[in-house]
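Trainee: The structure that follows is given in the form of structure tokens.
The values are calculated or read from the model by the stated rules, or taken from the named source; none is laboratory data. Keep in mind it's a predicted model, so treat the numbers as computed, not measured. When we count neighbours, we look across all protein chains shown, and the Cβ atoms used for this are built from the backbone with ideal geometry, even at glycine. Surface areas here come from the heavy atoms of the whole protein model, side chains and all, with no ligands, DNA or RNA. Shrake-Rupley method; radii C 1.70, N 1.55, O 1.52, S 1.80 Å.
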2 protein chains.
Amino acid sequence: MANQEEQFLIPLDEYLKVGIHIGTKFRTKYMAPFIYKTRPDGLVVLNVQEIDKRIRLAANLLSQYNPEDVLVVCRRENGWKAVSLFSKLTGIRIFAGRYPPGILTNPNLKTFIETKLILVVDPWPDKNIVKDALKIGIPVIALCDTNNETNNLDLVVPCNNKGKKSLGLIFWILAREYLKSKDKELKENLDKFMEE
Amino acid sequence: MANQEEQFLIPLDEYLKVGIHIGTKFRTKYMAPFIYKTRPDGLVVLNVQEIDKRIRLAANLLSQYNPEDVLVVCRRENGWKAVSLFSKLTGIRIFAGRYPPGILTNPNLKTFIETKLILVVDPWPDKNIVKDALKIGIPVIALCDTNNETNNLDLVVPCNNKGKKSLGLIFWILAREYLKSKDKELKENLDKFMEE
């Protein structure tokens, strides 16, 4: 356990403090692989190691993309502050609140945008963008709580996707890992910048 | 001199290697404060300390803005690779080549964009965007060689703005400083992310 903890993206305490592992009273079959246990009061709790592992996978996937090729969507108000700060730091576009319909699928719209990767804060309130992403065939990362269905998603990040602090910490980690990857890229790219 | 060199953004050698200080055979009165000397063959050479100081000022100004609020414009082909990589790393938008007229001034255009800061690679070929920025009253940073006029510019960065390697190094430094500032912001913002 000690070894595994050392490999966490942040100290275990930080995860637990924001309740990143605290789910809902509902559990779907889809989320079974990520569930640690159901508490006596009926609350379903997620496995923190799985959470950490999946945040890392999401960060790695994000880092394969340029900022302009990613779109983060968050209908739920509890995530607006987190995604706004994430956007400010990374340059990645967000829709906090209702997103204009057809932006991914209708090239005739003024609001039409091209994107290569979607991240949604909750595939239930954000279900329309998930459908649109499926139509145009681009991958979707989704934060999923114990009550979510995960069909049509490409990468599930199990977590408490409802609490402000939990979402704040998740997007803080994702921003940090994204900036780290860009910094690494920068170091590798000096030669590319300099060659004629 | 030793002390000053230590405070350069990168080792002096790196600057000299790419000819960041090598100007043109023309010198304008505007650029006089940044000129070191005219060589016997007529080539005008810039002061490297002034270059370094001004790149730092430009980096500081850029870091006050979110990526989506900045636009970099580069008509000259020798800078396209540099600005593309800069955009990829920072999420800042660029126009490499001709920029669509009216994008800053005509809100009825599909291509209309709102921006708060402009950086141009050369105020001569990029003169239209400088004019548009003046019309809407947003600041302009410009890389300026010994032959440039600097009226209507808010921040002049004296440098060789024609060589591929020189532009590569300048945008590499600007990208690095920009990412550093975002990383600093990230560290300061953990509390903001976490508070309820």
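Trainee: Go over the candidates B:Asn106, B:Asn160 one by one and state the one that is assigned to a loop (DSSP other than H, G, I, E, B), more than 10 Å from every other protein chain (Cβ to nearest Cβ) and touching a helix residue (DSSP H, G or I) at 6+ places or on another chain (Cβ under 8 Å).
Mentor: Values: B:Asn106 fails: touching a helix residue (DSSP H, G or I) at 6+ places or on another chain (Cβ under 8 Å).
Just one listed residue meets the conditions, B:Asn160.
Trainee: Right, next: Would the stretch B:185-192 turn up any residue that is of a type in the set (A, V, I, L, M, F, W, C) and facing chain A (nearest Cβ under 10 Å)?
Mentor: Yes, the stretch B:185-192 has at least one match.
Trainee: Additional query: With the structure loaded, tell me whether A:Lys81 is in contact (Cβ under 8 Å) with a residue 24 or more places away in the chain, within 14 Å of chain B (Cβ to nearest Cβ) and of a type in the set (D, E, K, R) or whether it fails that test. Before you say what the answer is, go through the steps one by one.
Mentor: Details: in contact (Cβ under 8 Å) with a residue 24 or more places away in the chain: yes; within 14 Å of chain B (Cβ to nearest Cβ): yes; of a type in the set (D, E, K, R): yes.
Yes; evaluated as a whole, the condition is true for this residue.
Trainee: Taking the stretch B:71-103 on its own, how many of its residues are surrounded by fewer than 20 Cβ atoms within 10 Å (Cβ to Cβ) and of a type in the set (S, T, N, Q)?
Mentor: 2
Trainee: Scanning the stretch A:116-125 for residues that are of a type outside the set (A, V, I, L, M) and under 14 Å from A:Val156 (Cα atoms), which turns out surrounded by the fewest Cβ atoms within 10 Å (Cβ to Cβ)?
Mentor: From the stretch A:116-125, those of a type outside the set (A, V, I, L, M) are A:116, A:122-125; that's our starting set.
Filter again for under 14 Å from A:Val156 (Cα atoms), leaving A:122-124.
On the way: A:Asp122: 23, A:Pro123: 22, A:Trp124: 16.
The selected residue is A:Trp124.
Trainee: Might you check whether a residue that is touching a helix residue (DSSP H, G or I) at 6+ places or on another chain (Cβ under 9 Å), under 30 Å from A:Tyr65 (Cα atoms) and either surrounded by 18 or more Cβ atoms within 10 Å (Cβ to Cβ) or modelled with pLDDT under 95 (or both) occurs anywhere in the stretch B:26-41?
Mentor: Checked against the condition, which is being touching a helix residue (DSSP H, G or I) at 6+ places or on another chain (Cβ under 9 Å), under 30 Å from A:Tyr65 (Cα atoms) and either surrounded by 18 or more Cβ atoms within 10 Å (Cβ to Cβ) or modelled with pLDDT under 95 (or both), the stretch B:26-41 yields no hits at all.
Trainee: Checking the condition polar (S, T, N, Q), more than 13 Å from every other protein chain (Cβ to nearest Cβ) and either open to solvent by 20 Å² or more (accessible area, probe 1.4 Å) or in contact (Cβ under 8 Å) with a residue 60 or more places away in the chain (or both), which residue from A:Gln49, A:Gln64 passes?
Mentor: Testing whether each residue is polar (S, T, N, Q), more than 13 Å from every other protein chain (Cβ to nearest Cβ) and either open to solvent by 20 Å² or more (accessible area, probe 1.4 Å) or in contact (Cβ under 8 Å) with a residue 60 or more places away in the chain (or both) leaves just A:Gln49.
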